[in-house]
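The values are calculated or read from the model by the stated rules, or taken from the named source; none is laboratory data. A quick note: this is a predicted structure, and the numbers were derived from the prediction, not measured. Quick reminder, even Gly has a Cβ in these numbers, built from the backbone with ideal geometry, and neighbours come from all protein chains shown.
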Amino acid sequence: MKKRRFYDLFVSADCITDGVLNYLKEIGFSGVGAVVSIGRLSSSPVHSMELIESLRQRGLELGMDVASRLAIDRPLDENLIKKILRKYRKKFEIISIQPLRRGITAFACRDTRIDILTLSPGTKIFRGDIDYIKMYDKRVEITLRLLQQADIYGKAKVLAYYQGILRKLCKKKMSAALLFSSGAQDRRDLRDPRMMASMLYTLGLDYDEALNVISIHPARLVNENRDKLRGLVPARGVKILEEEN
Amino acid sequence: MVLRIQDASSLASEINNSVLELWGVKGLAEAMPEVVHLDLVNSVAILRVKREGIHLVKAALAAYRKQLAVTLKVTGSYKRALKLAENISKKPSF
């Protein structure tokens, strides 16, 4: 039986060390998304890019697939976000946004350069947004860290919100668009993939589908985006197949 | 469940707290987690959990603010879990 390859697509690049990569491998992950926040990138762009590259190399040596990811996690103006996307789309394998205003949520669902919408309680998603997410093959991400940080009432709020999101996605048969990451800013935020799958199971997803959310869905996104960056996808729905040698 | 424990201090009460915090008294009743074997030297523990509560416990451990343990294996037999724990103990830890 083929072994599942689990991916945690949201781990802060600043906390990723050799120890963390080894730990992720030990607990069952095959790949990680090294996240640089937009604040860090703006203040030190060269250092951020170098960090990502060094993590990728180190990951290769240790047998972990490190994907580069930019997280737009600040309340920015739409024009500024467009500027950022123009500048950095081809430099990062994944770009995500954490929409904090309704207008930005709508924009993020429409813009094809954004891969992932990271949701938190307070971010409203409407039917039209879900239609755009389906049309443009985007992903919707929820993170474990919000649950870890919150007090009891906070946890209840987050759980209720996540259940609502899952219900909306499952209603439209879009569970393939769901991603679940740790959102780790520190090694202590990391959890093993089957524990994370159990969390999704308790939120109402089938266990096998929950395992897919942490394995097949993120792997597919990373591979698709790598193909796009290599120029193998000239238009949506078209892929250039490489010649077999 | 065979666990690699990160923090052994008051493990049993912390696990109970994690389940209580997320799932309440009803959840704790459905899971009834109990530490039945603890190897502090090799940081391995065996947790007995009711079958219907296994996902509740794993989800509770995932959502808990402290990193208590990593699930190494889930098995239905205590004897097999003990054997696994002994084999894991012989391997170097990370």
(request) Give segment B:1-44 a look and list any residue that's under 20 Å from residue A:191 (Cα atoms) and over 14 Å from the mean Cα position of the chain (by Cα), or say none. (result) B:20, B:21, B:22, B:23, B:42
(message) Please count how many residues of segment A:30-50 are within 20 Å of residue A:186 (Cα to Cα) and either within 14 Å of chain B (Cβ to nearest Cβ) or outside any helix (DSSP H, G or I) (or both).
(response) 8
(message) Scan segment B:63-75 and tell me whether some residue there is charged (D, E, K, R), more than 9 Å from chain A (Cβ to nearest Cβ) and either over 21 Å from residue A:190 (Cβ atoms) or out of contact with any helix residue (DSSP H, G or I) (no Cβ under 7 Å at 6 or more places or on another chain) (or both).
(response) no
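Would it be correct to say that residue A:122 is in contact with a Leu (Cβ under 9 Å, 6 or more places away or on another chain), of a type outside the set (Asp, Glu), farther than 18 Å from residue A:222 by Cβ and surrounded by fewer than 17 Cβ atoms within 10 Å (Cβ to Cβ)? Full working, then the answer.
Numbers: in contact with a Leu (Cβ under 9 Å, 6 or more places away or on another chain): yes; of a type outside the set (Asp, Glu): yes; farther than 18 Å from residue A:222 by Cβ: yes; surrounded by fewer than 17 Cβ atoms within 10 Å (Cβ to Cβ): yes.
Yes; evaluated as a whole, the condition is true for this residue.
Which ones in segment A:171-194 are among the acidic types (Asp, Glu), part of a loop (DSSP other than H, G, I, E, B) and farther than 18 Å from residue A:208 by Cα?
First pass over segment A:171-194, keeping only residues among the acidic types (Asp, Glu): A:186, A:189, A:192.
Right, trim to part of a loop (DSSP other than H, G, I, E, B) and you get A:186, A:192.
Hit for segment A:171-194 is A:186, nothing else.
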(request) Only residues in segment A:1-14 that are closer than 14 Å to residue A:196 by Cβ count as the first member; pair them with residues that are of a type in the set (Phe, Trp, Tyr), Cβ under 6 angstrom, at least 6 apart or cross-chain, and list the lot. (result) A:6/A:29; A:8/A:29
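Yes or no, residue by residue, for (1) modelled with pLDDT of 95 or more; (2) within 13 Å of another protein chain (Cβ to nearest Cβ); (3) over 13 Å from the mean Cα position of the chain (by Cα); (4) crowded, with 16+ Cβ neighbours inside 10 Å:
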{"residue": "A:172", "(1), (2), (3), (4)": "no, no, yes, no"}
{"residue": "A:180", "(1), (2), (3), (4)": "yes, yes, no, yes"}
{"residue": "A:212", "(1), (2), (3), (4)": "yes, no, yes, yes"}
{"residue": "A:229", "(1), (2), (3), (4)": "no, no, yes, no"}
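Does residue A:192 satisfy the condition of being over 19 Å from residue B:54 (Cβ atoms), touching a residue at least 60 places away in the same chain (Cβ under 8 Å), within 14 Å of chain B (Cβ to nearest Cβ) and among the acidic types (Asp, Glu)?
Working: over 19 Å from residue B:54 (Cβ atoms): no; touching a residue at least 60 places away in the same chain (Cβ under 8 Å): yes; within 14 Å of chain B (Cβ to nearest Cβ): yes; among the acidic types (Asp, Glu): yes.
No.
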(message) Can you find, within segment A:17-29, the residue that is surrounded by the fewest Cβ atoms within 10 Å (Cβ to Cβ) among those that are in contact (Cβ under 8 Å) with a residue 40 or more places away in the chain and either away from chain B (no Cβ under 14 Å) or assigned to a helix (DSSP H, G or I) (or both)?
(response) A:19
